[in-house]
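Heads up: the structure comes next, in structure tokens.
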Amino acid sequence: MATKSIKQNRYKPAPGSDRQQKANSAQDKRMIFKGTLLVIMILFMTVTYVFLHDIVVQSPLFTVKSVDMSGESRASKTELIARAGLDQPVNLFSLCPKLIEKKLCAHPWVAKVKVERKLFSRVKISIKEQEPLAIVAIENLADIVINTQGVPFKEYDPENDHLKMLPVISGMDLSLSNNTYLFEGQIFNSIMDLLQTQKTDQIKSIHGDENRGILIKTLDIYNKRIYIENNNENKEGNEALIPIKLGFDQFDKKLARARKISRYMAANFLSKTILAMDLFDIEKIFVKTEDALHNTLEKGV
């Protein structure tokens, strides 16, 4: 009788599978432990930070006791400190320098500002003020002060601004561009070119005309004569002014020519007074004069 052979079970468990499972389980536990520990540390650091923050911002040691401000001249230091909110007790670390800078830049005379905190109770504020270039007179509107870039930055206040030495510009209008009022156009560009290349202490007024260009009234620094007549059209205070037509360009050459003519008249025609010059065309210059001696004799002086 034939004997049935028994086949051996060929399945064998993977070697080390139990050990691997135990290792994975231990690794998972370690990761969970580390994650839990990390969360606890973060919570602890957060609570500690909040606690220390409260201590610092409430400590009288860090209450602002002095404000060092530099660069202010036309803007009042007292007004700026009040605008910044530093006129009352405030903690050094509770104030926001960027917010204070925005508040101070809202002042018309402040162009740029930098605010710094200094340990333990000091604030440093560096101010850069606007540089006024001229006063612009606009019909039916208040006069406006422009800076050296030609940007209007405040209404002119004669009593408080003290800008009588600046030239007064007329013949320009404001334009609205990107929700901002500004000056632009050929006349504006010509006037800015004149003001940025010439000393303005001798120029008293500037008028712009789209067809004739620029007309200035300037002190006659060579023929220094005082006009006595109350109704003289060139009289401003006790200073003799000369109207000069300059056109649209070549201001350096034209004004140099005007000075040369004035020196020549002063040296060779002592009895003559220059009343006006037309330098629209530098090749064809017209000079209007009067006999000063004859004029005074007529007035009985």
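What follows draws every value from the coordinates through simple rules; no lab data is involved. Please read all numbers here as calculations on a predicted model, not as lab measurements. Cβ coordinates were reconstructed from backbone atoms using ideal geometry, including for glycine residues, and neighbour counts include every protein chain displayed.
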Item to complete: Give me the net charge of residue 257's neighbourhood, meaning all other residues with Cβ under 12 Å from the Cβ of residue 257; Lys, Arg count +1, Asp, Glu -1.
Response: +2
Fill in: Greater than 30 Å apart at Cα, pairs in 204/253; 65/128; 98/204
98/204
Worksheet item: Mind ordering 259-269, 26-36 by average Cβ neighbours within 10 Å, highest first?
Response: 259-269, 26-36
Item to complete: Could you list which residues have their amide H under 5 Å from that of residue 133, counting only those 5 or more apart in sequence or on another chain, with H placed in the peptide plane?
Response: 146, 147, 148
Item to complete: Give the peptides 187-194, 59-66 in descending order of average Cβ contacts within 10 Å, highest first.
Response: 187-194, 59-66
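Want the number for residue 142 to residue 259: 0.36 nm per residue separation, take away the alpha-carbon distance, what's left?
On the way: separation 117, 0.36 × 117 = 42.12 nm, distance 3.43 nm.
So the extension gain works out to 38.7 nm.
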Worksheet, complete the sentence: In the structure shown, of 77/217; 254/288; 154/288, the pairs separated by more than 27 angstrom at the C-alpha atoms are 77/217; 154/288
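Can you tell me which of 70-82, 38-50, 126-138 comes out highest on packing, and rank the rest after it, using the mean Cβ neighbours within 10 Å? Could you put the intermediate results ahead of the total?
On the way: 70-82: 14.8, 38-50: 10.0, 126-138: 18.5.
Ranking, from highest mean packing down: 126-138, 70-82, 38-50.
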Discussion item. Skipping prolines and chain starts, which residues have an amide H placed within reach, meaning under 5 Å, of the one on residue 204, given they are 5 or more residues away or on another chain?
Written reply: 217, 218, 219
Worksheet entry | Phi-based couplings in Hz for region 105-114 (Karplus 6.51, -1.76, 1.60; Gly and Pro marked x) | 5, 6, 6, x, 8, 8, 8, 9, 8, 10
Worksheet item: Short version: ³J(HN,Hα) in whole Hz for each residue of region 59-75, in order, from phi by Karplus 6.51 cos²θ - 1.76 cosθ + 1.60 (θ = phi - 60°), x for Gly and Pro, what are they?
Response: 7, x, 4, 9, 6, 4, 10, 8, 10, 8, 10, 9, x, 7, 9, 7, 7
